[in-house]
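Here the structure is laid out as structure tokens; the discussion comes afterwards.
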Amino acid sequence: MRISNFLIICMLTLASISLKAEQSQQIDLTEFFHDYIQGYNLYLENPNNKSALPQIASHFAYPVMQIPSKGAPVIVTESAQLIKNFSFFVDDLRKKSVAKIVWEKLQVKPLTENKAVAINIANAMDAQGNILSRLSTLYILYKEGAHWKISAIQPHTINNHINLN
């Protein structure tokens with residue numbers, strides 16, 4: 001009887017440790033994505049802010065795969081090219097009167113201790129807080145040292161949004 005109680009306690013302890021580790025990863029990933037979106041908003045607020053686009057690019061592992069909505073995947077090997085790609089994207093948003101991007105929904109799913117997937121719904125909003133457009137993006141991430149990095153990114157229409165739960 002005592003051995004079975006001991007085994008049950010050990011199993012519950014291990015399950016608790018595993019759950020706490022996954023919760024910690026989810027918190028780290030959520031903070032990572034809030035920092036990531038802040039770069040977009042800094043650039044939308046001030047296109048002369050020279051730190052905004054490098055802040056976005058710092059969230060990526062190189063080489064990184066960008067999978068556009070239309071066309072073939074592109075392998076980007078350096079941050080300068082990624083910054084150029086994102087500046088076109090954000091400049092286009094600004095032309096459409098987008099003042100800010102906010103997460104409507106952000107889901108992160110750790111797969112292992114150093115791999116995860118994430119998906120979001122992002123709202124592009126004008127200065128008055130009206131939603132101008134919505135987009136969903138799928139991310140594949142891995143942990144490089146102590147930091148999460150995006151290794152692949154796939155934007156797609158909101159109609160094709162998937163849930164990770």
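What to note about this one:
- Residue satisfying all of: in the stretch 98-149; of a type in the set (S, T, N, Q) and surrounded by 13 or more Cβ atoms within 10 Å (Cβ to Cβ); farthest from the chain's Cα centre (by Cα) among these: S133
- Close pairs (6 angstrom Cβ cut-off, 6 or more residues apart or separate chains): farther than 22 Å from E104 by Cα in the stretch 138-165, modelled with pLDDT under 95 and part of a loop (DSSP other than H, G, I, E, B) anywhere: Y142/N114; K143/N114
- N41 falls short on exactly one of the conditions (1) at pLDDT below 90; (2) surrounded by 12 or more Cβ atoms within 10 Å (Cβ to Cβ); (3) part of a helix (DSSP H, G or I); (4) not β-branched (V, I, T), and that condition is (1).
- N130 vs. criteria in contact with a strand residue (DSSP E or B) (Cβ under 7 Å, 6 or more places away or on another chain), polar (S, T, N, Q) and at pLDDT 90 or above: no
- Test: S69 is touching a Ser or Thr at 6+ places or on another chain (Cβ under 8 Å), modelled with pLDDT under 90 and exposed (fewer than 13 other Cβ atoms within 10 Å of the Cβ): yes
The values are calculated or read from the model by the stated rules, or taken from the named source; none is laboratory data. What you are looking at is a predicted structure, and each value in this text was computed from that prediction instead of being measured. So basically every Cβ, Gly included, is an ideal-geometry build from the backbone, and we count neighbours across all protein chains shown.
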